[in-house]
1. How many percent of all Cα-Cα pairs in region 108-251 sit more than 18 Å apart?
2. If you bin every alpha carbon distance in region 197-312 into 10 Å steps from zero, what whole percent lands in each bin?
3. How much length would be gained if the chain were fully extended between residue 91 and residue 280, taking 0.36 nm per residue of separation minus their Cα-Cα distance, in nm to one decimal?
4. Between residue 305 and residue 121, take the C-beta separation as r, use R0 = 51 Å, and let me know the FRET efficiency to the nearest 0.05.
5. Could the peptides 261-268, 193-200 be put in order, highest first, of the mean number of other beta-carbon atoms found within 10 Å of their residues?
6. Rounded to two decimal places and with Rh computed the Kirkwood way over Cα pairs, what is Rg over Rh for region 188-232?
7. My understanding is that a pair violates if its Cα-Cα distance is over 26 Å; which of 144/255; 176/255; 176/208; 144/312 do that in this structure?
8. What span do the alpha-carbon atoms of region 98-140 cover on each of the three principal axes, reported in whole Å from largest to smallest?
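Rule-based calculations on the coordinates, nothing more; no lab input. Given the structure is predicted, the values throughout are model-derived calculations rather than measurements. Positions of Cβ are generated from backbone atoms using ideal geometry, with glycine treated the same way; all protein chains shown enter the neighbour counts.
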Amino acid sequence: MGRVVDRIRNGGGKLRGQWKKQTKVQRKTLLILGVLVAVALVLSLPSAALSGDWTGLFLNLGTELGGAVVTFILIDRIVGGDEETERVKQRLNREMGSNDNGIALNALMEANEHGWLHDGTFRGMGWMEPNWQGAWLVGADLQKIGMHKGDLRDAKLVGANLQAAFLSSSDLRGAKMRGANLQGAELQWANFQGSNTDLWAAQLQGAKMWGAKMQGTILTVADLRGAELIRTDLSDTNLAGADLRGVSLQGANLKNAELAEIEGMRYEAKFDETTWLPDNTLWTPETDMGRFTNPSHPNFWRSDNSGDPSYKGLNDQ
């Protein structure tokens, strides 16, 4: 008797070992098969027991099991298809992180064809130094992605959702980001500089942009409420119509920045009493912003801190 028990235990242990080796999808498939077989037995055995027709049992059981097998095959194809889809997504995620521009762009194109760039599939994904230069990402849903030192030069991100994305030290020169959602994004030390970089009407509320290079960037009508632009270089930037209420601009360089005109039309940037100015004072209705933007102003302000892009020793001597 003891040997029989030991054999049963050993057999059970082997079965458990085989079960653990199966993938989640394979386990799900086996469970479905087991349930279908059990249902076939439940439907066939009671009628045979009541009628005493055990010969007919095998005919009925065969019919039920045949139906179960057909159902199983259909379900297995669906489940197997899901597994294959997941493998494709994982492959594309790896390739999107490539620093080879061709590989990364092909992966992005394939993901776009599946609709995965717009359904949130890649939300929260992270890559180190990916090369997305010239990528077509119009309207893409890329919330909370992480991309340290990413190459996004000339990328088309019009209307893209990059809310809470981490793009620290990334290169965004020439990127087209009109109307893009960058609320709460981490953009410290990112490089936007150049008049080809377009952030017209971009949503940048609460974005962290310390030390970002934004010389000459288009920020007209952008919503920057509560953004942190500490030590950011905004020289020659067009900020006309931008909402700068609650913004932190300590140490920022506003030399030659445009604050009031868009294509010949008067459209002043908005400030309020919670806006911190480059000289570490708060804006008031009496503030003369020309002191920070106009190099010919008799009281043109320059920083004494050598770490600021507005430092007087950089290019104003």
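1. 48
2. For region 197-312, the pair-distance distribution reads 16, 53, 29, 2.
3. So the chain would gain 63.2 nm between residue 91 and residue 280.
4. Rounded to the nearest 0.05, the efficiency is 0.70.
5. Ranking, from highest mean packing down: 193-200, 261-268.
6. 0.94
7. Over 26 Å Cα-Cα: 144/255; 144/312.
8. If we take the Cα atoms of region 98-140, the spans are 25, 19, 15 Å.
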